[in-house]
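Asks: First the structure, which I've put down as structure tokens, then a few questions once you've had a look.
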Amino acid sequence: MRAIVIGCGRVGSSLARVLADAGWAVTVIERDEENLSRLGPDWRQPLVLGHGMDAKVLEEAGVENADVLIAATDGDNTNLVIAQVATQRYGVADVAARAVQHCRERKGPFFIHAVTARFAGTQPLWPTLPTGPTEISMAWDDSNVSGEHEQWYREHDPVLGYARKLLADGDITQEELTEIDARASERIAEARQFALDSPRPTPESALDHVFA
């Protein structure tokens, strides 16, 4: 297994050592050379000096062949951007499948830090996706997939991507997918109407069931 760890702070350096000790091929990206000392004097795996958001730095580290990329810088927004670039541009995406296989072979636990993101929408209080609604039929009929967000529908939409995989593996039919989608849409419509018909909560109840 090949891993790239971006950020050699306390968390990143610890993860890099754990993976290396487990037999992984680990490349560490860090822009501050002094931080590399956290890896210890016996570190013998590749090091790349540079910023993790730099495409050339990622390519030098071998991102196109990586099984796992761990963004462990001290900036949450930076980590999110790096993860999105690695997934969408370089296809570092099949981590879950490898994790399942790893566990089935009784090689020990496997930890995945997954971050999801969605389009922000056009209306803050009632978001509308700028791509428009996703039609499940787009998974097998791309005649209505076009326009500004064509690449999103073809390559990155998670619902369509999962539907295409199920179809390709022969686990489901188009008719079954259409039926499931119709049932889900009906439940969503019912939940939305229930919310609209429900009384507004009192100010005193604003923090009910809030535990953080």
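The values are calculated or read from the model by the stated rules, or taken from the named source; none is laboratory data. Source: prediction; values computed, not measured. Note that each Cβ is placed from the backbone with ideal geometry, even for glycine, and that neighbours are counted across all protein chains shown.
Asks: So which residues in the range 1-23 are β-branched (Val, Ile, Thr) and under 17 Å from residue 49 (Cα atoms)?
Replies: If we filter the range 1-23 for residues that are β-branched (Val, Ile, Thr), which is where we start, we get 4-6, 11, 18.
Of everything in the range 1-23, those that are β-branched (Val, Ile, Thr) and under 17 Å from residue 49 (Cα atoms) turn out to be 4, 5, 6.
Asks: Assess whether residue 115 counts as being hydrophobic (A, V, I, L, M, F, W, C), surrounded by 10 or more Cβ atoms within 10 Å (Cβ to Cβ) and at pLDDT below 80. Spell out how you get there, then give the answer.
Replies: Numbers: hydrophobic (A, V, I, L, M, F, W, C): yes; surrounded by 10 or more Cβ atoms within 10 Å (Cβ to Cβ): yes; at pLDDT below 80: yes.
So residue 115 passes the test.
Asks: Scan the range 147-167 residue by residue and report those that are of a type outside the set (D, E, K, R), assigned to a loop (DSSP other than H, G, I, E, B) and either surrounded by 14 or more Cβ atoms within 10 Å (Cβ to Cβ) or in contact with a Gly (Cβ under 8 Å, 6 or more places away or on another chain) (or both).
Replies: So the first thing to find is which residues in the range 147-167 are of a type outside the set (D, E, K, R), and the list is 147, 149, 151-153, 156, 158-163, 166-167.
Restricting the remaining residues to those that are assigned to a loop (DSSP other than H, G, I, E, B) gives 147, 149.
Once the filter is applied, which keeps residues that are of a type outside the set (D, E, K, R), assigned to a loop (DSSP other than H, G, I, E, B) and either surrounded by 14 or more Cβ atoms within 10 Å (Cβ to Cβ) or in contact with a Gly (Cβ under 8 Å, 6 or more places away or on another chain) (or both), the range 147-167 yields only 149.
Asks: Which condition does residue 178 not pass, out of (1) within 30 Å of residue 85 (Cα to Cα); (2) at pLDDT 85 or above, if it passes all the others?
Replies: All conditions pass for residue 178, except number (1).
Asks: Would you be able to tell me the number of residues in the range 192-208 that are exposed (fewer than 10 other Cβ atoms within 10 Å of the Cβ) and either touching a Pro at 6+ places or on another chain (Cβ under 9 Å) or part of a helix (DSSP H, G or I) (or both)? Spell out the reasoning first.
Replies: Step one: list which residues in the range 192-208 are exposed (fewer than 10 other Cβ atoms within 10 Å of the Cβ), which gives 194-208.
With the extra rule that they be either touching a Pro at 6+ places or on another chain (Cβ under 9 Å) or part of a helix (DSSP H, G or I) (or both), the set shrinks to 194-197, 203-205, 208.
Within the range 192-208, residues that are exposed (fewer than 10 other Cβ atoms within 10 Å of the Cβ) and either touching a Pro at 6+ places or on another chain (Cβ under 9 Å) or part of a helix (DSSP H, G or I) (or both) number 8.
Asks: Of 170, 108, 132, which residue is surrounded by fewer than 12 Cβ atoms within 10 Å (Cβ to Cβ), at pLDDT 80 or above, assigned to a loop (DSSP other than H, G, I, E, B) and not basic (Lys, Arg)? Break it down into steps so the answer makes sense when it comes.
Replies: Values: 108 fails: at pLDDT 80 or above; 132 fails: at pLDDT 80 or above.
170 is the lone residue from the list that is surrounded by fewer than 12 Cβ atoms within 10 Å (Cβ to Cβ), at pLDDT 80 or above, assigned to a loop (DSSP other than H, G, I, E, B) and not basic (Lys, Arg).
Asks: Here is a further query. Considering only the range 30-79, how many residues are part of a helix (DSSP H, G or I), of a type in the set (A, V, I, L, M) and surrounded by 17 or more Cβ atoms within 10 Å (Cβ to Cβ)? It would help to see each step written out before you state the result.
Replies: Initially, the range 30-79 is screened for residues part of a helix (DSSP H, G or I), giving 33-39, 55-60, 63-65, 76-79.
If we keep only those that are of a type in the set (A, V, I, L, M) too, we end up with 36, 39, 55, 57-58, 63.
Then drop every residue that is not surrounded by 17 or more Cβ atoms within 10 Å (Cβ to Cβ), which leaves 39, 57-58, 63.
Looking only at that region, the number is 4.
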